[in-house]
């Protein structure tokens, strides 16, 4: 196999977007596209690429858990590499690659921890196995084998065999507060439609970008 990927090119033939199609509020517009992604049976429509940085750049896939006018929320271990990067430089970029719809949404903004009450509310809604998994995994740390992780999970299962599983103090949510949100729709001949919402003190400005 060679590194030439020219034969993978395809035309984007789905319908485009025009300015009049867009809601004046990007969160409302995102909600429309997110609903359409769910209706299209896309695998994990809530999966988003999350980029963070300190002295180096990191990227990984996480799941969006909820969003509103305040921003976009995901959960993680506060000791993980991405969390350490966020604490040092509280900015992030997230990308939703809904390729089956020939769409992408890119969000850039600042990041803050959500309240402990918000984290607790979500944590208690998780399956018990996921709750135990949060306790068992020291995320991003090196381990000698999978058996170490399984042993730790078993230990946590015994420890919390009775009663409710408490929220770990090292686990919780972050909110990405958008400064810009870009909606990308693939079009024929690479003349894609791109619109960016930029947050200013008096509201959102919307501009069309060249592809």
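Taking the 0 to 90 degree range and rounding to the nearest ten, how far is the long axis of helix 146-159 tilted relative to the main principal axis of the chain, both from C-alpha atoms? With both axes taken from Cα atoms, the answer is about 60 degrees. Approximating the spin labels as points 7 Å out from Cα along Cα→Cβ, the residue 57-to-residue 170 distance works out to 2.9 nm.
Residue exposure proxy: 182, 44, ordered by other Cβ atoms within 10 angstrom of their Cβ from fewest to most, comes out as 44, 182. For the chain, the relative contact order works out to 25 percent when only alpha carbon pairs closer than 8 Å and six or more residues apart are counted.
Computed extension length for residue 39-residue 158: 38.8 nm, one decimal, from 0.36 nm per residue of separation with the Cα-Cα distance subtracted.
Just to confirm the number: angle between the C-alpha axis of helix 26-39 and the first principal axis of the chain, 0 to 90 degrees, nearest 10? Between helix and principal axis, roughly 80 degrees. Against the main long axis of the alpha-carbon atoms of the chain, helix 116-125 sits at an angle near 80°.
None of the figures in this text is laboratory data; all of them are computed from the coordinates on show. Just so you know, these numbers come straight off a predicted model, no measurement behind them. Here Cβ is always computed from backbone atoms with ideal geometry, including for glycine, and neighbour counts include all displayed protein chains.
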